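Here the structure comes first, spelled out in structure tokens, and everything after it is commentary.
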Amino acid sequence: MGNPCSGNVSNATLEKTKKHPCYSADAHNKYARMHLPVAPGCNVQCNYCNRKFDCVNESRPGVTSEVLTPDLAAEKFAWVKSKIKELTVIGIAGPGDALGNWESTKATIEKIRELDKDVTFCLSTNGLMLPDYAEQIVALGVHHVTVTMNALDPEISAKIYKFVSYKGKNYAGIEGAEILLKNQLAGIEYLTSHGVLVKINIVMIKGINDHHIPDVVKKVKDLGVFVTNIMPLIPAPGSAFEDFPQTSMKEINDLRNICQLEIEQMRHCQQCRADAIGLLGEDRSQEFRMCNRPSLESTLPKLTEKQYKIAVTSKYGKLVDQHFGHATKFLIYQGDGTNFEKIENRLVNKFCAGVEECDSDEGKRDMVIDALQGCDAVLTMRIGQYAKDKLQEKEIYSVTHCDTIENGLQYAVSQLSILNNRKQKRQQEM
């Protein structure tokens, strides 16, 4: 079956697609891909998703054993490329959303392209921010984008998504679903009209969108999509759909056969982790964790001239696993970028009681922010835009991360280093 968008796609892109294991069935057991987990934040809460970190025995989207800065991602790419010669594709698929963390995603692409101008880049997104960044995606030379699109009917989407966080505000139900759908359709159309090969991922959820998927496939075909990938629901523990039955492969393949009449179907998807490495059927991500690399310490920022003070939100003092607004205590660490020592605890009153009430008491929130005077950064699992802006006014940088405190502190310092370098560069240009 011919592809509807092939007329807009360059011969060079089509040639690269032959070596893309996700876009080409013939390539999946010959060429390797590498997913770089540089995008931890997500702007859509799917009811089937529970983004957990350091889940070494799980293989599903949203799972990773580490989160990388763009600098560490480039270092890891060089390491993996030296060991896996058949590596042809670099994907950014989370563990959140690639476009929800655009600055990090963009910086990663730019740094790796400096190392290898021939590597193929692939982004995975829910599509919410596509209208904002589609033009930049094209300008960066990214020719493969995967969009997860589970429904066209907002009433169906409202059952799949808990909320959509857009332009600093959360939208639930049909209102959120309509915003998401509008942006998905506009972004997909822009990409396909500018020579980008778009793959649509669709999660089949029995009793919710299974009957509706052929309509989705027909619509994206009209938009010039390259291929669709109907995937089974994997009920993630802790998610709203954790008690749903997992969709059988027979049901998936029956639906693929129906939709094959409209557009090419991907049948070799492994529903990969956000840090997957290697051939599709041979994930080597644990082999290439950065903690296993002997030279990792030498790559971390050496900031011995300055002692950084970083406030951390943590439930039990082990992981960065608490929302900024839920904290009743901040753990204050001081260090040079490599070695840190906890020097104090700062007690505060929690100001956020949930999504609906998180913006209800600005006074409490401002008191929490005032309590962090003297800190260079706050390291937290999640933070609202208002609190983030207020901290920045006081020259306190907010870093979102979900890992051990030790790794999180090193990540925070690397981000502070990047921020300082940018400031110095701007001052030099003035």
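The values are calculated or read from the model by the stated rules, or taken from the named source; none is laboratory data. These figures come from a predicted structure and were not determined experimentally. Note that each Cβ is placed from the backbone with ideal geometry, even for glycine, and that neighbours are counted across all protein chains shown.
Filter the range 409-424 for residues that are over 18 Å from Ala387 (Cβ atoms) and either in the same structural domain as Ala39 (by TED's automatic domain parsing) or not aliphatic (A, V, I, L, M) (or both) and give the result. Passing the criteria: Gln410, Tyr411, Ser414, Ser417, Asn420, Asn421, Arg422, Lys423, Gln424.
Considering the range 308-424, the qualifying strands (runs of 3 or more DSSP E), each wholly inside and each with 1 or more residues that are out of contact with any helix residue (DSSP H, G or I) (no Cβ under 7 Å at 6 or more places or on another chain), run over 308-312, 329-335, 340-347, 397-400.
Is it fair to say Phe351 is of a type in the set (Phe, Trp, Tyr), at pLDDT below 80 and in contact with a Ser or Thr (Cβ under 9 Å, 6 or more places away or on another chain)?
Spelling it out, Phe351 is indeed of a type in the set (Phe, Trp, Tyr), at pLDDT below 80 and in contact with a Ser or Thr (Cβ under 9 Å, 6 or more places away or on another chain).
If you filter the range 192-222 down to residues that are assigned to a loop (DSSP other than H, G, I, E, B) and crowded, with 23+ Cβ neighbours inside 10 Å, you find that the one that is modelled with the highest pLDDT is Val196. If you go through the range 113-132 and keep only what is in contact (Cβ under 8 Å) with a residue 60 or more places away in the chain and among the hydrophobic types (A, V, I, L, M, F, W, C), you end up with Cys122, Leu128, Met129, Leu130.
For the range 314-324, a tally of residues being closer than 18 Å to Ile369 by Cβ and buried (at least 24 other Cβ atoms within 10 Å of the Cβ) returns 1.
Answer yes or no: is there a residue in the range 164-176 that is in the same structural domain as Asn101 (by TED's automatic domain parsing), among the aliphatic types (A, V, I, L, M), within 20 Å of Gly41 (Cβ to Cβ) and surrounded by 16 or more Cβ atoms within 10 Å (Cβ to Cβ). Among the residues of the range 164-176, at least one is in the same structural domain as Asn101 (by TED's automatic domain parsing), among the aliphatic types (A, V, I, L, M), within 20 Å of Gly41 (Cβ to Cβ) and surrounded by 16 or more Cβ atoms within 10 Å (Cβ to Cβ), which makes the answer yes. Report whether or not Thr88 is in contact with a helix residue (DSSP H, G or I) (Cβ under 9 Å, 6 or more places away or on another chain), of a type in the set (Val, Ile, Thr), closer than 20 Å to Arg289 by Cα and part of a helix (DSSP H, G or I). No. Of a type in the set (Gly, Ala, Ser) and more than 19 Å from Glu103 (Cα to Cα), is that true of Ala371? For Ala371, the condition - of a type in the set (Gly, Ala, Ser) and more than 19 Å from Glu103 (Cα to Cα) - is met. Can you tell me which of Ser82, Ser104 is over 24 Å from Gly224 (Cα atoms) and without any contact (Cβ under 8 Å) to a residue 24 or more places away in the chain? Step by step, each of Ser82, Ser104 is checked, and only Ser82 is over 24 Å from Gly224 (Cα atoms) and without any contact (Cβ under 8 Å) to a residue 24 or more places away in the chain. Kindly indicate whether Val145 is of a type outside the set (Ser, Thr, Tyr) and surrounded by fewer than 24 Cβ atoms within 10 Å (Cβ to Cβ). In short, no.
Residue pairs whose Cβ atoms lie under 7 Å apart, separated by 6 or more positions or on different chains, with the first residue in the range 199-222 and among the charged types (D, E, K, R) and the second at pLDDT 90 or above, are Lys199/Thr146; Asp215/Leu152; Lys219/Leu152.
Once the range 248-259 is narrowed to residues that are touching a residue at least 12 places away in the same chain (Cβ under 8 Å) and among the polar types (S, T, N, Q), the residue that is nearest to Val216 (Cα to Cα) is Asn253. Of the residues Lys111, Lys81, Lys117, only one is in a loop (DSSP other than H, G, I, E, B), of a type in the set (Lys, Arg) and at pLDDT 85 or above; which? Result: Lys117 is the single residue among Lys111, Lys81, Lys117 that is in a loop (DSSP other than H, G, I, E, B), of a type in the set (Lys, Arg) and at pLDDT 85 or above.
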